[in-house]
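The structure under discussion appears below in the form of structure tokens.
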Amino acid sequence: MLRVAQALDTQLRAAMQRAFPEATAAAGTPLDPQLAPASKPEFGDFQANGALPLAKPLGQPPRQIAQAIVEQLAADPAFGELCLEPVIAGPGFINLTLRPECLCAEVAARLGDARLGVPSVSAAAPVVVDFSSPNIAKEMHVGHLRSTIIGDCLARVLEFRGHDVLRLNHVGDWGTQFGMLITHLKQVAPEALQTADAVDLGDLVTFYRQAKARFDEDEAFQSTSREEVVKLQGGDPLSLKAWGLLCEQSRREFQRIYDRLDIRLSERGESFYNPYLQGVVDDLKARGLLVLDDGAGCVFLEGVSGKDGKPLPLIVQKSDGGFNYATTDLAAIRYRLALPPAGDGAGRLIYVTDAGQAAHFAGVFQVARRAGWVTGAARIEHVPFGLVQGEDGKKLKTRAGDTVRLKDLLDEAVERAESDLRRRLVEEDRSEEEAFIAHVATTVGMAAVKYADLSTNRVTNYQFSFDRMLALSGNTAPYLLYAVVRIAGIARKGGDLGGGATGAPERVEAQALSFSEPQEWALIRELLKLDAVIAEVEEELLPNRLCSYLFELSQVFNRFYDQVPVLKADEPARSSRLALCRLSADTLKLGLGLLGIPTLERM
RNA sequence: GGGGCUGUAGCUCAGCCGGAUAGAGCGACGGUUUCCUAAACCGUAGGUCGUGGGUUCGAGUCCCGCCAGCCCCGCCA
């Protein structure tokens, strides 16, 4: 309903201008009607709060001001076409209720629109979403869960809005740990370096542990490892081959997780930026930002002071001449913002990492700005998220105290979903194929993990609980999936939902729609909020706003389903209600799809 | 020591640009099934929005102080 809201805003501004020309002139800008969605259903669709702040400057009671605005609105025929008579309430709120014909027209427009009323942006600069970013040769664990799920969701929303999104996996594929890994590989599996094809190195985690154990105990191994790092950085072909093997092995293991979660990513690891690191330091030096301190190349940050009150440095070149993560992050920003062919030409950079890195990114962003790499309207945003905690409120661990592997976490979610389903099948005396059970359990399990993560505000820590996320009622994935299943049930029992199944939207004339029940109107009003919610997520990068909306929509739909018959209704109510069912299903499917959650026909 | 995030019902959490009597869910208690999947729906109870000031027509929301928890603070990412 963004279009309607915009029209109302314009009409309200004009009305205020007509009612208080001198105040408008004094303000220099049009008076703000403070149009907002109604805070409660009984207040209508929108409320304009703009009369209240005018009370003091105008020296009039706010209700009188509201009255003057309402009188001007009444003189505007365009307003009369959209809204019923405005109501002045409380201290001076103007409550606006849309005409039923207007709501029906909006519903009809969405029924004929595959995008459900969400506008598509015209081609703009690409958006980079940097997320997931596991470390090569290590296993993906619960620490990667949130970045991966939240990042994917934000990428989906931006893509749906029509942005050209670069989903970048900034994997940790460079660094000193490769010295020991390559040394170990050369000694344990030299044959892997001879054959042309990548050899299965088996369990990489065990391999990493072995290498680490040797590194900690064996001095000779340590020195060989250090030499190996130098060789690798110097471009030694054999070292590079070993490095490539390790990366390829890791890549395959990561891909298994990404496939299960249905996540698409372009790998562009830290190593990609190696050729650009020296240029970063050179550029900082040329711009007079680089300061040598204790032998390290630093940029001192403005507005951030350390223990002794001196500015805090961002180290971009170590005293041994090597570069570190700050250098890589700066190189990445520079490359991503630089126009092709020198870079990605992005207009917005989004970093989905844990909140603990906030200070690091603030520093890096500041240096990038001062270096002049952030030009024009380019935006760089850190999208922080809190820790995943266990039900005890502490960092999530296994019973043995180890880090939880992502694979195990996903397995358990699916297993629990499956046993829930089997128990219910027995209770309800239903019989289903094994393939059906497996499919439902997998879908529900993955959906539960994703939804639980996305539905909480990402900034706060997130308490992980299989029991809560898989609960069949409440703000959970199963509850939302069930709403979709109920609609599919109506279709199976003879309800023609129109083009939904074939994907081709079927046009419905607004005049053919006829609604009478409050539950229908409540559902309509909820359905029409989609475009505003998507716009909000695109701007604020908060997936939980979309989750809340889908949950509320499901609740409103379930009320409608429970209290208003569809198939047994007489025409034209029956067709009208079927149209609402179809739009509800399409909206839920679209919204869940943007969360990375596929829906089911039966469950 | 400096900086950041968090603190809202028994539990888990929403709360948009400051707007009307602070909302959900779970749990608790009570009810609803001749009818499209009851994985649902309806109702009841439950609050000093950590705390003390300030700003203003109006503060959970903005500003300052304090308390508590977590995180970060020179060559790891």
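The values are calculated or read from the model by the stated rules, or taken from the named source; none is laboratory data. Since the model is a prediction, treat every value here as computed from it, not as a measurement. Note that we place each Cβ from the backbone using ideal geometry, even for glycine, and neighbour counts take in every protein chain shown. These area figures cover heavy atoms from the full protein model, side chains too; ligands, DNA and RNA do not enter into them. Shrake-Rupley method; radii C 1.70, N 1.55, O 1.52, S 1.80 Å.
Results, tabulated for the structure shown:
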quantity	calculated
Some residue of the range A:210-217 being within 16 Å of RNA strand B (Cβ to nearest atom), in a helix (DSSP H, G or I), closer than 30 Å to A:Tyr462 by Cβ and in contact (Cβ under 8 Å) with a residue 24 or more places away in the chain	yes
Some residue of the range A:102-111 being away from RNA strand B (no atom under 12 Å from the Cβ), open to solvent by 20 Å² or more (accessible area, probe 1.4 Å) and part of a helix (DSSP H, G or I)	yes
Pair list, Cβ under 7 Å, 6 or more apart: the range A:535-549 residue closer than 14 Å to A:Asp453 by Cα and within 10 Å of RNA strand B (Cβ to nearest atom), other residue in a helix (DSSP H, G or I) and hydroxyl-bearing (Ser, Thr, Tyr)	A:Cys547/A:Tyr451
Among the candidates A:Pro134, A:Pro86, residue that is within 25 Å of A:Leu158 (Cβ to Cβ) and open to solvent by less than 40 Å² (accessible area, probe 1.4 Å)	A:Pro134
Lone qualifier among A:Leu314, A:Leu277, A:Leu301, A:Leu289 - being surrounded by fewer than 20 Cβ atoms within 10 Å (Cβ to Cβ), touching a helix residue (DSSP H, G or I) at 6+ places or on another chain (Cβ under 7 Å) and in a strand (DSSP E or B)	A:Leu301
Residue in the range A:461-469 that is under 16 Å from the mean Cα position of the chain (by Cα) and over 27 Å from A:Val564 (Cβ atoms) present	yes
Residue satisfying all of: in the range A:157-194; in a helix (DSSP H, G or I) and open to solvent by 30 Å² or more (accessible area, probe 1.4 Å); nearest to RNA strand B (Cβ to nearest atom) among these	A:Gln177
Matching residues, the range A:551-576, being touching a residue at least 24 places away in the same chain (Cβ under 8 Å), near RNA strand B (Cβ under 8 Å from one of its atoms) and more than 26 Å from A:Ala452 (Cα to Cα)	A:Gln563, A:Val564, A:Val566, A:Leu567
Whichever residue in the range A:424-454 is near RNA strand B (Cβ under 7 Å from one of its atoms) and either modelled with pLDDT of 95 or more or open to solvent by less than 40 Å² (accessible area, probe 1.4 Å) (or both) and, among such residues, is farthest from the chain's Cα centre (by Cα)	A:Val440
Some residue of the range A:78-99 being touching a residue at least 24 places away in the same chain (Cβ under 8 Å) and charged (D, E, K, R)	no
A:Arg334, sole failed condition from (1) more than 7 Å from RNA strand B (Cβ to nearest atom); (2) loosely packed, with under 13 Cβ neighbours inside 10 Å	(2)
Scan of the range A:370-423 for residues that are among the polar types (S, T, N, Q), modelled with pLDDT of 90 or more and part of a strand (DSSP E or B), ordered by number	A:Gln389
Residues being surrounded by fewer than 17 Cβ atoms within 10 Å (Cβ to Cβ) and away from RNA strand B (no atom under 16 Å from the Cβ) - total across the range A:346-378	6
Filter result for A:Gln511 (farther than 25 Å from A:Ala448 by Cα and either touching a strand residue (DSSP E or B) at 6+ places or on another chain (Cβ under 7 Å) or near RNA strand B (Cβ under 9 Å from one of its atoms) (or both))	no
Number of the exception - A:Pro33 against (1) more than 9 Å from RNA strand B (Cβ to nearest atom); (2) not in a loop (DSSP other than H, G, I, E, B)	(2)
Extreme residue, farthest from RNA strand B (Cβ to nearest atom), among residues of the range A:125-144 that are among the aliphatic types (A, V, I, L, M) and either assigned to a strand (DSSP E or B) or in contact with a Lys or Arg (Cβ under 9 Å, 6 or more places away or on another chain) (or both)	A:Ala125
Selection count where residues are more than 22 Å from A:Thr176 (Cβ to Cβ) and acidic (Asp, Glu), scope the range A:289-348	4
Residue list for the range A:84-101, filter: at negative phi and within 14 Å of RNA strand B (Cβ to nearest atom)	A:Pro86, A:Val87, A:Ile88, A:Ala89, A:Pro91, A:Phe93, A:Ile94, A:Asn95, A:Leu96, A:Thr97
Residue in the range A:492-507 that is touching a helix residue (DSSP H, G or I) at 6+ places or on another chain (Cβ under 7 Å), at pLDDT 90 or above and closer than 23 Å to A:Leu103 by Cα present	no
Every pair of residues 6+ apart whose Cβ atoms lie under 6 Å, when the first sits in the range A:456-484 and is open to solvent by 30 Å² or more (accessible area, probe 1.4 Å) and within 6 Å of RNA strand B (Cβ to nearest atom) while the second is of a type in the set (A, V, I, L, M, F, W, C) and at pLDDT 95 or above	A:Asn475/A:Phe551
Pairs with Cβ under 7 Å, 6+ apart, first in the range A:319-337 and within 25 Å of A:Arg379 (Cα to Cα), second among the charged types (D, E, K, R) and within 12 Å of RNA strand B (Cβ to nearest atom)	A:Asn324/A:Lys318; A:Thr328/A:Glu270
Sole residue being open to solvent by less than 30 Å² (accessible area, probe 1.4 Å), assigned by TED's automatic domain parsing to the domain that holds A:Glu536 and hydroxyl-bearing (Ser, Thr, Tyr), chosen from A:Ser584, A:Ser548, A:Ser575	A:Ser584
